[in-house]
């Protein structure tokens, strides 16, 4: 993986908002094609040719940028189309379920890395340098090479971890962020004139996830096996605080 464009082809399966963001940053280094059933073959988007599933799956590197609930069907579909020495990665927000689907459903000769770029189209509007990405090795020995490319070429902060460790931390980091943002959006309109720096920062965080596809929220809150535990703890603590404040108010106001 050199700094000049490589002869390697990457096939991106799923060309939504994140697939297009990914293509923007990979295009200087690789030949790219993409498949998305919602887009016609032959169309060129951001310099990337839309192709049939067979061609995208036949690339040396295949990236699955599909919702978690579509992962199993996608893996089944590409299984007979993959090169024996292919490297397959996903970019979903949860890792336990996709890692198991890929481990179970892809040919044993295929290397697999479950990944989670910890940024998105909104937070990466001004570039991705310095952003974080989690790599979860599932099968094969190519994780160090991938990590080196992401770190040196794209200047990402690479975190090598397991699917379980990822989901435990993401249940708090992403689960609470998206949950709070969802509630605040439903409370709109919110103040915009007399605001504090802390409130502005909260609203900035909300803006980063406000327009995420519904599938992202569902994956973060439902497909992460540890998310429910975090939500339950959060709501229990919030309820206890609410009860404490109610008692204090009754003492003050009689």
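In the stretch 205-213, is there at least one residue being without any contact (Cβ under 8 Å) to a residue 24 or more places away in the chain and either loosely packed, with under 15 Cβ neighbours inside 10 Å or in contact with a strand residue (DSSP E or B) (Cβ under 6 Å, 6 or more places away or on another chain) (or both)? Looking for residues that are without any contact (Cβ under 8 Å) to a residue 24 or more places away in the chain and either loosely packed, with under 15 Cβ neighbours inside 10 Å or in contact with a strand residue (DSSP E or B) (Cβ under 6 Å, 6 or more places away or on another chain) (or both), one finds none in the stretch 205-213, hence no.
Only a single item in (1) over 19 Å from residue 145 (Cβ atoms); (2) surrounded by fewer than 17 Cβ atoms within 10 Å (Cβ to Cβ); (3) touching a strand residue (DSSP E or B) at 6+ places or on another chain (Cβ under 9 Å) is not met by residue 38, and it is number (3).
This table checks each residue for (1) in the same structural domain as residue 26 (by TED's automatic domain parsing); (2) without any contact (Cβ under 8 Å) to a residue 40 or more places away in the chain; (3) under 13 Å from the mean Cα position of the chain (by Cα).
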| site | (1), (2), (3) |
| --- | --- |
| 89 | yes, no, yes |
| 92 | yes, no, yes |
| 95 | yes, no, yes |
| 101 | yes, yes, no |
| 116 | yes, no, yes |
| 179 | no, no, no |
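Filtering the stretch 181-193 to residues that are part of a loop (DSSP other than H, G, I, E, B) and either closer than 11 Å to residue 220 by Cβ or in contact (Cβ under 8 Å) with a residue 12 or more places away in the chain (or both) leaves only 190.
Note on the stretch 58-94: residues that are crowded, with 18+ Cβ neighbours inside 10 Å and within 23 Å of residue 163 (Cβ to Cβ) amount to 22. State whether the residues of the stretch 122-143 include one that is under 27 Å from residue 178 (Cβ atoms), touching a residue at least 40 places away in the same chain (Cβ under 8 Å) and surrounded by fewer than 17 Cβ atoms within 10 Å (Cβ to Cβ). Yes, because at least one residue in the stretch 122-143 is under 27 Å from residue 178 (Cβ atoms), touching a residue at least 40 places away in the same chain (Cβ under 8 Å) and surrounded by fewer than 17 Cβ atoms within 10 Å (Cβ to Cβ). Here residue 164 passes the criteria (1) surrounded by 15 or more Cβ atoms within 10 Å (Cβ to Cβ); (2) in contact with a helix residue (DSSP H, G or I) (Cβ under 8 Å, 6 or more places away or on another chain); (3) over 23 Å from residue 30 (Cα atoms) except the one numbered (1). The helices (runs of 4 or more DSSP H) found wholly in the stretch 61-173 and carrying at least 2 residues that are within 20 Å of residue 215 (Cα to Cα) occupy 71-78, 96-105. Of all residues in the stretch 15-27, those that are assigned by TED's automatic domain parsing to the domain that holds residue 126 and modelled with pLDDT of 95 or more have Cβ atoms under 8 Å from Cβ atoms of residues that are in a helix (DSSP H, G or I) and buried (at least 16 other Cβ atoms within 10 Å of the Cβ), 6 or more apart or on another chain, in 15/23.
The values are calculated or read from the model by the stated rules, or taken from the named source; none is laboratory data. Quick caveat, the model's predicted, so the values are computed rather than measured. In this analysis, Cβ positions are derived from the backbone assuming ideal geometry, glycine residues included, and neighbour counts consider all displayed protein chains.
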